[in-house]
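Here's the structure we're looking at; comments come further down.
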Amino acid sequence: MSTYDRITARILQTLEHGIVPWHQPWQESIPRNLVSGRPYRGINVWLTVSAGFGSAYWLTFHQAHGLGGSIQKGAKGTPVVFWKWYGAEDEAEETDPRRVPLVRVHTVFNLEQTTGIETPVDSGRPVFQPIEHCEGLVASMPQRPSIYHGDARACYRPLVDVIYMPHPAGFDGVEAYYSTLFHELTHSTGHASRLNRTTLTDLCPFGSTNYSKEELVAKMGAAFLCGVCGIENRTVDHSAAYLASWLRVLAQDTRMVIRAAAQAQRAADYIQGVVPTEQNA
């Protein structure tokens, strides 16, 4: 398999898992080499971001040992690509037909995969100011799943009943953080121990109709909760754009929005601890 094939396969695998690292409402620190301090560029940004680590710092096996540390046993490295041009003259332009590119692939490890190396202080990370109403809503959710901060993406994993989130300060704004968290909390209400929603409990491959339906429910549930907390004016445009992308998948079912809204309301009620009655069930 060529270098190009290996990198393409890795990107396709990422997309098949529903992770699109260049479309997200948070901005983690740009991934960079720990030793040189140089930020990665181009495809290397997406390769490192989609690996799923919270730290922005990466280094090679030899760099880790040079700093007096080591790579954790069983850690799997991430490939990064570097280009170097070779030609007749060092000063020749890259468009010169006499020059050819040489691609080199290096394996790097995230700082979280190492031991014995001090974590740099990221003084540039903005301060996160929690919204009291939103925090209270999250804290009071019945049977709330565990929430882990520090992942490179936001997702809910039903098998372990855990929500994974990026660091709060890495989001475009505090409203974007809560909107994303509400989205994942809405997903979690579909767990068999809560509302037992089939669009979550049944096997739903990325891009399938059921997956699309569940995404509609989650985004609408998040929009409802943002409204409850009074931050919908900052999130509704993003929600509408997101919904539009999934509605294209569900173009054959014009009633899906109504159905999704009903399920989203049940989910939002559950998160708020509202017990349905015969009148509002």
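The values are calculated or read from the model by the stated rules, or taken from the named source; none is laboratory data. Remember, predicted model here, so these are calculated numbers, not experimental data. Cβ atoms come from the backbone with ideal geometry, glycine included; neighbour counts cover every protein chain shown.
Out of (1) surrounded by fewer than 16 Cβ atoms within 10 Å (Cβ to Cβ); (2) modelled with pLDDT under 85; (3) closer than 30 Å to S179 by Cα; (4) not polar (S, T, N, Q), the odd one out for P101 is which?
In the conditions (1) surrounded by fewer than 16 Cβ atoms within 10 Å (Cβ to Cβ); (2) modelled with pLDDT under 85; (3) closer than 30 Å to S179 by Cα; (4) not polar (S, T, N, Q), P101 misses (3) alone.
Residues that are of a type in the set (S, T, N, Q) and surrounded by fewer than 20 Cβ atoms within 10 Å (Cβ to Cβ): find the strands (runs of 3 or more DSSP E) completely inside the range 127-187 holding 1 or more of those. It would help to see each step written out before you state the result.
Details: elements: 146-149, 155-157, 162-165.
Ranges flagged: 146-149.
Does the range 59-76 contain at least one residue that is at pLDDT below 75 and crowded, with 18+ Cβ neighbours inside 10 Å? Outline the logic, then answer.
Residues of the range 59-76 that are at pLDDT below 75, as a first pass: none.
No, there is no match, as no residue in the range 59-76 is at pLDDT below 75 and crowded, with 18+ Cβ neighbours inside 10 Å.
Quick grid of which residues meet (1) at pLDDT 80 or above; (2) more than 17 Å from the chain's Cα centre (by Cα):
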site	(1), (2)
P130	yes, yes
V162	yes, no
E184	yes, no
H187	yes, no
N196	yes, yes
L203	no, yes
N210	no, yes
K213	yes, yes
L216	yes, yes
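Would you call T48 surrounded by fewer than 13 Cβ atoms within 10 Å (Cβ to Cβ), polar (S, T, N, Q) and at pLDDT 85 or above? Before the answer, list the steps.
Details: surrounded by fewer than 13 Cβ atoms within 10 Å (Cβ to Cβ): no; polar (S, T, N, Q): yes; at pLDDT 85 or above: yes.
Answer is no for this residue.
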